[in-house]
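Inspection log for the structure reproduced underneath, given as structure tokens.
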Amino acid sequence: MPEGDTIFRAARTLHRALAGKVVTRFDTAYAPLARVHDDTPITGRTIEAVEAHGKHLLMRFSGDLALRTHMRMHGSWHIYRPGERWQRPPREMRVLVETADFVAVGFNVPDAEFEATRDVGARDAIARLGPDLLAPDFDAAEAVRRLRARGDMTIAEALLDQRALAGIGNVFKSEVLFEGGVEPFATVATLAGERLSALVDIARRQLGANAGGASSGHGRRTTGRMAPAEGLWVYGRGGRPCRRCGTLISFAKQGVGSRSTYWCPTCQTA
Ligand SMILES: [Zn+2]
């Protein structure tokens, strides 16, 4: 599942390729999007910006229109030169935006809609998002407040709740809890305020480090170690020794959607 850092990188790559350019072709497998294109053509509009809002990707066009997409589990955006061979089959194309220099293709993007730009900030899906961990004006106190409001949830599930804070996916969930020394099944209500603050700080640092491109080519890294096989503390390491204490890493399916959770039973006791 794409995490905030992935969406952030995708938005930045798309922005660099497309911003300021005029759309020469638009195509989509979705009838509602095609209808908007028929009524008020996307072709001829200028792409003003491509931005990440939590896990949503917003492509803003001139004339008060934006395309909002959400990747869910399997969606992705690719960027190609015109005529370049795609890395996925054409039948997986859901949205295509072409300029003179580039073709942006959204593959298997399950959630896509046009909206008026002036309404974007008020859109339910976005307005409901908690503070974006990668935003320059990130409000840590508000993120802690929103976590705190989820007292009955386990901390692992609360960290995944994009309405509490936006950007953490399943990998960082486990990594953040390891660094914070917090047991994933602890309910939020049992955690002290400074503990929640620390988790938010760790999440912001981990996502920020990975959004900066420092890990390009080596996958995600939270340990600070260069070797690709040593990049993560616990995620994907069930049954293997903890990098800090040697205890075997535990694994369980947790919460709504049975998401994979990894943790060290010795290091994470809070
Ligand atoms: Zn350990």
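Quick notes on this one:
- Inter-probe distance in nm under a simple model that places probes 7 Å from Cα toward Cβ, at Thr247 and Ala29: 4.5
- All aspartates and glutamates inside 12 Å of Lys21 as judged from Cα atoms, apart from same-chain residues fewer than 8 positions distant: Glu48, Glu98, Asp101
- Hydrodynamic radius of region 44-102 per Kirkwood, over alpha carbon pairs, in Å: 13.0
- The translational diffusion coefficient of region 161-208, from Stokes-Einstein at 37 °C and 0.692 mPa s with a Kirkwood hydrodynamic radius over alpha carbon pairs, comes to 300 µm²/s.
- Relative to one another, the C-alpha centroids of region 222-238 and region 1-75 are positioned 33 Å apart.
- The aspartates and glutamates within cross-link reach of Lys173, meaning a Cα-to-Cα straight distance under 17 Å and a gap of 8 or more places when in the same chain, are Glu3, Asp5, Asp132, Glu157, Asp161, Glu183, Asp201.
- Viscosity 1.306 mPa s, 10 °C: Kirkwood-radius Stokes-Einstein D of region 136-263 over Cα pairs, µm²/s: 107
- Ordering 25-36, 152-163, 237-248 by mean Cβ neighbour count within 10 Å, with the highest value first, yields 152-163, 25-36, 237-248.
- For Lys21, residues with placed amide H under 5 Å, excluding near neighbours: Ile47
- Relative contact order (percent, whole number), region 1-108, Cα cutoff 8 Å, 6+ residue spacing: 30
- Sorted largest first, the spans of the alpha carbon positions of the chain along the three principal axes are 59, 38, 30 Å.
The numbers here are math on the coordinates, done by the rules we state, and not lab data. The shown structure was predicted, so the numbers you read here are calculated from the model rather than taken from an experiment. Note that each Cβ is placed from the backbone with ideal geometry, even for glycine, and that neighbours are counted across all protein chains shown.
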